[in-house]
Amino acid sequence: MTRQHLAQELDSIRSQVLSMSLLIVENLRKARECVINSDPSLISEIKRTDLEIDALQLSIEDSVTMLIATQQPAARDLREMVALIKILDNLERIGDYAVHFAKASKILAEDPFPRPLDRLIRMSQTCETMLDEAIKAYLNQNESLAVASAEKDDVIDRDHKAFLNEILSLMVDNPARAGQAFKLIQTSTYLERLGDHVTNITEAIVFIITGEHKELNA
Amino acid sequence: MNETTAPSVVNQNTSLILEIPDPVLRFKNTSIWYGANEAVKSVSMGIKNHAITAIIGPSGCGKSTLLRSINRMNDLIPDCHVTGNIYYHDNDIYDKNLDPVLLRRHIGMVFQKPNPFAKSIYQNIAWGAKINGYKGNLDQLVEESLRQAALWDEVKDKLHKSAFALSGGQQQRLCIARAIALKPDILLLDEPTSALDPISTAKIESLLEELKKFFTIIIVTHNMQQAGRISDYTAFMLTGDLVEYNETKKIFFNPTDERTESYISGRFG
């Protein structure tokens, strides 16, 4: 086997993408904990990890660019490197949304919300599962797992709509809570967008595997 | 040329071998043998007019053998014989009544190493034309050929100096000028830049992109990036088999066969 250097570098890049994803999944889990407990104490830790995530994105992007410049990849290798730039961009945005999600705990700590936040919590769990599956699909080059991950975006969208209805009915009953309700709507929207970013990642993975641009979960 | 009716090309595997409508050249179950060794195995494919077709593959895959069969250069190799057919328009190249010298006037060739004649730059072009019976204005032909080969500006003031005084890259462009002076239909190039530096290589590559307006170009190259840069179609050969043939962008971005994928990605060869 020739091109050993290229193969080794690609393996190293994949490991770094995995590390970046694990940090994001961990941040999402901590953010969920913050929201469940209405406890913002983990936010500064989450923000520090997000800085690590941002730095990893740039470092991996540089490695990919260097590999394109020095190794002239073709076919699947080239598709993977082009798709990686997209994957990294989406991962970075997901990291940001994890921070936004954690910040919801601040408003809940200031004033406990009178209704359960089950749907919001479930949305965040679905996001974690989607991301976990997407990364496994990338590492194992598994198209059906990528598709299965993207399909879960529908569950997030349904929960988002239902949560909005719950919040809107609360606002009608209790207009004094409009400010807090508005922030929770924003939080739910962040999670809904997070699902879209994971879907973008799964589309990039399918592109690596098949060479085709397929719209998943349009 | 002898007139025969060529049957349509039957491809081995339609998903791997692209059909070329109205090809200028057609291989039909073409096998090329060196004695009992089948160096090219039943290749069927068409070559598109006014396009650059690259033939790639590892050493010994049969790509140069296939290229040389197109203007019957293999006739000069003892024990080499061809089965199946190669059609140039509707003429069977291996028809026993076909004159290979006449064929080579229609299908010119440039080799790996620049091989100018030990004559002046002018004579390198004029001499070949003269012995091929050219009756027109030789000065005009020399200038036109050198211009087409993007060499005129560099040599116009030293046309009667020895061709050996030129750099390797200039010598190769002179060989291209010499080949196109005969107004061929098809230009065959066997690794034309493998002995050249990157700047000379870039000049030849730009030249070929210009020349495809006038000629059909078939190039054998070891340099995959070169095939990707300049060719419109790429054929990948392995141990004598034509594995995959398609538009270059398809071959380099999303090949169908795993072996093509591995070769294009540099995992063997």
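The values are calculated or read from the model by the stated rules, or taken from the named source; none is laboratory data. On a predicted model such as this, the values are computed, not experimentally measured, just so you know. Glycine gets a Cβ as well: all are built from the backbone with ideal geometry, and neighbour counts include every protein chain shown. Accessible surface areas use protein heavy atoms only, side chains included; no ligands, DNA or RNA. Shrake-Rupley method; radii C 1.70, N 1.55, O 1.52, S 1.80 Å.
Results, tabulated for the structure shown:
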{"quantity": "Portion, in percent, of the accessible area of the protein assembly as shown that falls on carbon or sulfur, probe 1.4 Å", "calculated": "52 percent"}
{"quantity": "Lys, Arg +1 and Asp, Glu -1 on Cβ, resulting dipole of region B:56-137 about Cα centre, debye, nearest 20", "calculated": "440 debye"}
{"quantity": "Relative contact order (%) - criterion: Cα under 8 Å, at least six apart; region: region A:3-210", "calculated": "28 percent"}
{"quantity": "Mean projected area (nm²) of the alpha-carbon convex hull when region A:3-210 is viewed from all directions", "calculated": "11.0 nm²"}
{"quantity": "Dipole axis of chain B (+1 Lys, Arg; -1 Asp, Glu on Cβ), positive-most option in B:L151, B:L207, B:Y88", "calculated": "B:L151"}
{"quantity": "Region B:102-155: projected area of the alpha-carbon convex hull, averaged over directions, in nm²", "calculated": "4.3 nm²"}
{"quantity": "For region B:120-142 and region A:143-190, distance of Cα centres in Å", "calculated": "81 Å"}
{"quantity": "More than 25 angstrom apart: percent of Cα pairs within chain B", "calculated": "44 percent"}
{"quantity": "Mean separation of Cα contacts under 8 Å, 6 or more apart, over the residue count of region B:145-246: relative contact order %", "calculated": "23 percent"}
{"quantity": "Debye, to nearest 20: dipole size of the protein assembly as shown, +1 on Lys, Arg Cβ, -1 on Asp, Glu Cβ", "calculated": "1600 debye"}
{"quantity": "Kirkwood hydrodynamic radius over Cα pairs of region A:148-218, then Stokes diffusion coefficient at 20 °C and 1.002 mPa s, in µm²/s", "calculated": "157 µm²/s"}
{"quantity": "B:C80 - accessible surface, heavy atoms, 1.4 Å probe, Å² rounded to 10", "calculated": "30 Å²"}
{"quantity": "Shape metrics for region B:124-269, restricted to C-alpha atoms - Rg then Dmax, Å", "calculated": "17.6, 54"}
{"quantity": "At least 27 Å along the helix axis (C-alpha) and Kyte average at least 0.0, DSSP helices within chain A", "calculated": "A:4-37, A:43-71, A:75-110, A:178-210"}
{"quantity": "Evaluated over region A:76-143, the Cα radius of gyration and Dmax, each in Å", "calculated": "16.5, 52"}
{"quantity": "Sparse-neighbourhood loop sites, GluC sites (Glu not before Pro) in region B:210-266 - DSSP loop, at most 15 other Cβ within 10 angstrom", "calculated": "none"}
{"quantity": "Spin-label model distance (nm) - A:A178 vs B:S42, 7 Å beyond Cα toward Cβ", "calculated": "8.0 nm"}
{"quantity": "√(5λ) per eigenvalue of the Cα gyration tensor, region A:35-100, largest first, Å", "calculated": "33, 12, 6"}
{"quantity": "Dipole of the protein assembly as shown, positive end: most advanced residue of B:L188, B:N246, A:S44 [Cβ charges, Cα centre]", "calculated": "B:L188"}
{"quantity": "Protein accessible surface hidden between B and A, which excludes ligands and nucleic acids, total in Å², probe 1.4 Å", "calculated": "1100 Å²"}
{"quantity": "Check: chain B dipole with +1 on Lys, Arg Cβ and -1 on Asp, Glu Cβ, in debye", "calculated": "660 debye"}
{"quantity": "Where N is the number of residues in the protein assembly as shown, Cα Rg divided by 2.2 N^0.38 Å", "calculated": "1.38"}
{"quantity": "Dipole-positive endmost among A:S124, A:V99, A:A146 within region A:78-205 (Cβ charges, Cα centre)", "calculated": "A:V99"}
{"quantity": "Pairs beyond 28 Å (Cα-Cα), from B:K28/B:K130; A:K103/A:K152; B:K96/B:K249; B:K48/B:K158; A:K47/A:K214; A:K152/B:K250", "calculated": "B:K28/B:K130; B:K96/B:K249; B:K48/B:K158; A:K47/A:K214; A:K152/B:K250"}
{"quantity": "Region B:35-153 shape via C-alpha gyration tensor axes, a/c threshold 1.5", "calculated": "prolate"}
{"quantity": "Largest to smallest principal axis extent of the C-alpha atoms in region B:181-250, angstrom", "calculated": "34, 28, 22"}
